[in-house]
1. Filtering segment 125-148 down to residues that are part of a loop (DSSP other than H, G, I, E, B) and loosely packed, with under 15 Cβ neighbours inside 10 Å, which residue is nearest to the chain's Cα centre (by Cα)?
2. Surrounded by 14 or more Cβ atoms within 10 Å (Cβ to Cβ), under 14 Å from residue 99 (Cα atoms) and free of Cβ contacts under 8 Å to residues at least 60 places away in the same chain: which single residue out of 43, 69 fits that description?
3. For residues that are within 16 Å of residue 32 (Cα to Cα) and part of a strand (DSSP E or B), scanning just segment 95-117, find the one that is modelled with the lowest pLDDT.
4. Can you name every residue in segment 10-24 that is buried (at least 17 other Cβ atoms within 10 Å of the Cβ) and either on the phi > 0 side of the Ramachandran plot or over 11 Å from the mean Cα position of the chain (by Cα) (or both)?
5. Answer with yes or no whether residue 111 is touching a residue at least 24 places away in the same chain (Cβ under 8 Å) and crowded, with 16+ Cβ neighbours inside 10 Å.
6. What number goes with the only condition from (1) in contact with a strand residue (DSSP E or B) (Cβ under 7 Å, 6 or more places away or on another chain); (2) more than 21 Å from residue 133 (Cβ to Cβ); (3) in a helix (DSSP H, G or I) that residue 60 does not pass?
């Protein structure tokens, strides 16, 4: 059996008050163009970096959305999917809380972005199932942390 090589991707379920930041991927994107999604991207580095997943998600949030999140970046879930080229991708999702900044989009990667309520995401006709499932987990984790 051959060695499998995986792409590592990170995504952020970012909340502010009772809303979630949702983006629409640019039509220029190779994988899932025009689809609603969480902010995220591939781990790309040529050096050993501590906390590589957390640092990558913070970079992607700033690059794609122009905002910052608090330092409490918490693991939410991981899953496997295949890119449009058939490459296996390990996707790690983090729960993040908005800290500051105004949305400023990288239009090469994101065509639009906005804050949506949990109900809007769940009832949205163009919300892909994997986004709905991640937001369900994120909302549950957010509500549990609010009780503490």
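1. Of segment 125-148, the ones part of a loop (DSSP other than H, G, I, E, B) are 125-128, 148.
This time we only want the ones that are loosely packed, with under 15 Cβ neighbours inside 10 Å, so: 125-126, 128, 148.
Details: 125: 19, 126: 17, 128: 13, 148: 25 Å.
Filtering first and then ranking leaves 128.
2. Step by step, each of 43, 69 is checked, and only 69 is surrounded by 14 or more Cβ atoms within 10 Å (Cβ to Cβ), under 14 Å from residue 99 (Cα atoms) and free of Cβ contacts under 8 Å to residues at least 60 places away in the same chain.
3. The selected residue is 110.
4. Of all residues in segment 10-24, those buried (at least 17 other Cβ atoms within 10 Å of the Cβ) come to 10-15, 20-24.
Selection gives 15, 24.
5. On the way: touching a residue at least 24 places away in the same chain (Cβ under 8 Å): yes; crowded, with 16+ Cβ neighbours inside 10 Å: yes.
Criteria met by residue 111.
6. Every condition holds for residue 60 apart from (2).
Residue-wise test of (1) touching a strand residue (DSSP E or B) at 6+ places or on another chain (Cβ under 9 Å); (2) in a loop (DSSP other than H, G, I, E, B).
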residue	(1), (2)
11	yes, no
32	yes, yes
41	yes, no
47	no, yes
71	yes, yes
93	yes, no
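The values are calculated or read from the model by the stated rules, or taken from the named source; none is laboratory data. Model, not experiment: these values are computed from the prediction. Counting neighbours? That spans all protein chains shown, and the Cβs are built from the backbone with ideal geometry, glycine included.
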